[in-house]
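Heads up, the thing below is written out as structure tokens.
The values are calculated or read from the model by the stated rules, or taken from the named source; none is laboratory data. Because the structure is a prediction, the values reported are computed rather than measured. Backbone-built Cβ (ideal geometry, glycine too); neighbour counts: all protein chains shown.
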Ligand code: XMP
């Protein structure tokens, strides 16, 4: 793999994605991982990410200089570039002129990582520290007003550095730089694409499963559907899908999933009604992490209970179900604190919410993938657009969209409001423009309203439309006012207990997409 060493950057994930967009496989590792361990992963190239620290301050994260002597091509970006310059003896200091945002760069040598670059180009910068002189052996390739060394290269050692951020779209030629590094400087071939991922996963799944029986927990979302289709391609009839109705689903969801999924894939599907079971377990719980853990555990217990029925349907009585397929994605792993060195932002039900005594072995063919890669695979596997382009809906469903205790009445209310919002967004043709639009019930908040000439004291509904590339970062969608107006009017008219509809206009970070 290409390893992206994360120095605490906002953009480390983005770098990993851009590498994959260049058709090369990448993974993130934390800067705290010892260099020997990093090298033991046999990286074909290494990218050092940006980060918030200043290299010359005490306690600033650095990296053992062994990494530069290992014969592996290294690209340093922003802070990673400064670390490289600093470690190898360059002069790094507070910049005379900090540069934030769009910054013109002068390219003096369009070679190596800057092969094919015009002499002047716009870049996107964010730095208050600059490299004044490059270390010995390096050639300066570019400068800006605030960065005497804005790009540098030592071809003989295959070491490269750049002050600006090639991974953000605001650097128009950024992807060229990354591709130059990967393909020209490091000599890596294009070998990461949907067909390749499918072949590799199919081979791995067959190897892992043998002739055992497998179940897949289907949520109705894109990820579990694609995971199921992938596993089905690998082992055919040994797979049974289980769809759990936990009572936290949206309106019409059960029927839709049954219909769309079975029609598209022909995979054997059983549905389990576990509404009472889930709602009883969630009674009185309002703390989000507890909700997530309970839901994660309940899913597993439900799959265990469904085992006998699965084996019967599969004509495999007497055997046991050995494997459980989950559509876990890379961001779920990273946000649940499962990525190397990442903080636990929230326990995604299928990662941090799993019980310790899990009896199944997991098959998670999408565990290293981002959503857009999963969608590409789904299409390659022949799944229809209605499945592949569904908006993400989290496994814990409406359970994490009721702020406060979950009750049947509150669920019914939210289901109604959510259905209205979805209907209006679809009617306005906005489905593909927004990544997803959680509709959230602030169940414990009350405000005064006047409905039908009477005072009401109801709860607000929050609309949370966002745009995103991979759910790791997101911006709130600027929906047309008239669409917001019709959603608001309909919700307050049709859901009597709701007397206020509010819009969440926060990006991620600082907020997450879901409210819990
Ligand atoms: P946040 O709220 O962390 O969400 O910004 C990022 C994306 O992940 C979805 N999400 C989940 N998906 N199980 C899932 O399968 C979960 O427990 C879970 N929590 C959040 C969320 O809807 C968004 O698309």
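Tabulated data
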read-out	value
Qualifying residue in region 68-91 (condition: assigned to a strand (DSSP E or B), more than 21 Å from residue 3 (Cα to Cα) and touching a strand residue (DSSP E or B) at 6+ places or on another chain (Cβ under 8 Å))	yes
When residues of region 343-364 are limited to those that are under 13 Å from residue 227 (Cα atoms) and within 15 Å of the ligand (Cβ to nearest atom), the one farthest from the chain's Cα centre (by Cα)	362
The listed residue being surrounded by fewer than 17 Cβ atoms within 10 Å (Cβ to Cβ), at pLDDT 85 or above and not in a helix (DSSP H, G or I), out of 362, 366	362
Residue that is modelled with the highest pLDDT [pool: residues in region 468-486 that are outside any loop (DSSP other than H, G, I, E, B) and more than 18 Å from residue 423 (Cα to Cα)]	476
Out of 130, 145, sole residue that is in the same structural domain as residue 47 (by TED's automatic domain parsing) and assigned to a loop (DSSP other than H, G, I, E, B)	145
Boolean, residue 7 is surrounded by fewer than 20 Cβ atoms within 10 Å (Cβ to Cβ) and in contact (Cβ under 8 Å) with a residue 60 or more places away in the chain	no
Members of region 4-58 found to be more than 24 Å from residue 509 (Cβ to Cβ) and part of a strand (DSSP E or B), listed by number	45, 46
Residue tally, condition crowded, with 22+ Cβ neighbours inside 10 Å and not in a loop (DSSP other than H, G, I, E, B), over region 209-233	16
Residue 471 vs. criteria within 16 Å of the ligand (Cβ to nearest atom) and touching a residue at least 12 places away in the same chain (Cβ under 8 Å)	yes
Any hit, region 398-409, residues being in contact with a helix residue (DSSP H, G or I) (Cβ under 7 Å, 6 or more places away or on another chain), touching a residue at least 60 places away in the same chain (Cβ under 8 Å) and away from the ligand (no atom under 16 Å from the Cβ)	yes
Residue count for region 92-138, restricted to those that are touching a strand residue (DSSP E or B) at 6+ places or on another chain (Cβ under 7 Å) and closer than 25 Å to residue 61 by Cα	21
Output for region 487-516, where each listed residue is part of a loop (DSSP other than H, G, I, E, B) and within 16 Å of the ligand (Cβ to nearest atom)	504, 505, 506, 507, 509, 510, 511, 512, 513, 514, 515, 516
Region 197-228, residues that are within 22 Å of residue 311 (Cβ to Cβ) and more than 16 Å from the ligand (Cβ to nearest atom)	205, 206, 208, 209, 210, 211, 212, 213, 214, 215
Any hit, region 316-330, residues being under 30 Å from residue 211 (Cβ atoms), away from the ligand (no atom under 16 Å from the Cβ) and free of Cβ contacts under 8 Å to residues at least 24 places away in the same chain	yes
Single unsatisfied condition, residue 148 versus (1) modelled with pLDDT of 95 or more; (2) touching a helix residue (DSSP H, G or I) at 6+ places or on another chain (Cβ under 8 Å)	(2)
Search result, residues across region 390-418 that are more than 24 Å from the chain's Cα centre (by Cα) and within 14 Å of residue 501 (Cβ to Cβ)	413, 414, 416, 417
Enumeration of residues in region 410-424 that are farther than 20 Å from residue 457 by Cα and within 16 Å of the ligand (Cβ to nearest atom)	418, 421, 422
Failed item, numbered, when residue 206 is tested on (1) modelled with pLDDT of 95 or more; (2) under 23 Å from the mean Cα position of the chain (by Cα); (3) surrounded by fewer than 21 Cβ atoms within 10 Å (Cβ to Cβ)	(2)
Residue ID - farthest from the ligand (Cβ to nearest atom), chosen from residues in region 426-447 that are over 18 Å from residue 513 (Cα atoms) and free of Cβ contacts under 8 Å to residues at least 40 places away in the same chain	446
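Residues are listed down the side, and each one gets a yes or a no for (1) more than 23 Å from the chain's Cα centre (by Cα); (2) under 28 Å from residue 423 (Cβ atoms); (3) within 16 Å of the ligand (Cβ to nearest atom):
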| position | (1), (2), (3) |
| --- | --- |
| 236 | yes, no, no |
| 248 | no, yes, yes |
| 263 | yes, yes, no |
| 276 | yes, no, no |
| 283 | yes, no, no |
